[in-house]
Amino acid sequence: MPILQRYIDRYQLYRLEEIPSFMAIPNGKIELYLVLQGHLERWDSQLGTYVSCGVGGIFPATNQVSYYRIPDYLICLNIKLNLKIVSLSSFTGLLKGWKDISILKLFGEQRLKSMRQLTEDFKPDRMYGDHLDDILDGAFSGSEQKDISSILDQLEKDLESIFKVKEVAKRLNMSTKTLERITQKYFNLSPKNLINVLRFESATSHILQNENSYLMDALAFGYYDQPHFIKDCRKITGYSPKAFFSRLKLPTNDLLFE
């Protein structure tokens, strides 16, 4: 379904037990979750404690590691949304109001009910994707803000080259200040930070999905050299590439379990 392919990166259905805490690594996606059973808590740095994530919510893109805790067990549907989702009118105000966004308002009561019914009988080998596509078809509609889509299209084209903000702004026929203002407004990230997260996610995903890949493969994603990738890895995750990859327990490049 073209409309879903444009806005949805992937579905992930997690069943986790006896995992007290984990880190979410910046992945250039917007995370939408629906807690089906159990509880999920996130670290609130302002309050200095873990707070409940509730039954569903959405998290904006970030270049900072986030911390979570599972107090007992958790069955959770995670939907990774492409950044173009913020170009839709229904996601206006996401950056400032992500804590208060209503999943019920976004999807409607019937869609949420259908998703819960689909996943309530958890089976690890069950294929959920096509059914979720059918449920969500039509949910992501509305007018687009073309400037956001154009910027993201251009940034994604530059993942395999050395990124320069001035060059991208010129291709978009806008000033560097305008480009910086737009990415800061909708993602709270500078163009450079945004491309760093997108590039790191693409490089690590490639390395994980290809058994014979090496760190040098990251150079194909626009890193100057191997030390450049190592530096970015430490900056984004807090770990060296060797420590980072060794700590990944699931076939995903953005969750590190403690």
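Quote the relative contact order of segment 2-136 in percent (integer), defining contacts as alpha-carbon pairs under 8 Å separated by 6+ residues.
Values: 229 pairs, mean separation 41.6, N = 135.
Computed over segment 2-136, the figure is 31 percent.
Here's the picture: charge each Lys and Arg Cβ at +1 and each Asp and Glu Cβ at -1 in the chain, and of 39, 20, 165 the one pushed furthest to the positive end of that dipole is 165. Would you compute the Debye intensity of segment 2-136 from its alpha-carbon atoms alone, equal scatterers and no solvent, and pass along log10 I(q)/I(0) at q = 0.16, 0.19, 0.22 Å⁻¹ to two decimals? At q = 0.16, 0.19, 0.22 Å⁻¹ the computed log10 ratios are -0.88, -1.27, -1.68. The spread of Cα positions in the chain, taken along each principal axis and listed from longest to shortest, comes to 49, 43, 39 Å. The distance separating the Cα centre of segment 92-156 from that of segment 202-219 comes to 29 Å.
Please give the charge dipole size of the chain, origin at the Cα centre, charges +1 on K and R Cβ atoms and -1 on D and E Cβ atoms. Round to the nearest 20 debye.
Numbers: 33 positive and 31 negative charges, 191 e Å.
In debye, rounded to 20, the chain gives about 920.
Here, P(r) means the percent of Cα pairs in each 10 Å bin from 0 to the largest distance; for segment 146-243 it is 15, 46, 28, 10, 0.
Over the chain, what is the relative contact order in whole percent, taking alpha-carbon pairs under 8 Å and six or more residues apart? Provide the component values of the computation, followed by the final result.
Numbers: 415 pairs, mean separation 59.6, N = 258.
Reported as a whole number, the value is 23 percent.
Here segment 141-245 is treated with +1 on each Lys and Arg Cβ and -1 on each Asp and Glu Cβ, and its dipole about the Cα centre works out to around 540 debye.
How big is D for segment 17-86, in µm² s⁻¹ as a whole number, if Stokes-Einstein is applied with the Kirkwood radius of its Cα pairs at 4 °C and 1.567 mPa s?
Details: Rh = 12.7 Å.
Reported coefficient: 102 µm²/s.
Normalising the average separation of contacting C-alpha pairs (under 8 angstrom, six or more residues apart) by the number of residues puts the relative contact order of segment 146-243 at 25 percent.
Just so you know, all these numbers are worked out from the coordinates, no wet-lab data involved. Quantities reported herein were computed from a predicted structural model and do not represent experimental measurements. Ideal geometry is used to build each Cβ from the backbone, glycine not excepted, and the neighbour counts take in all protein chains shown.
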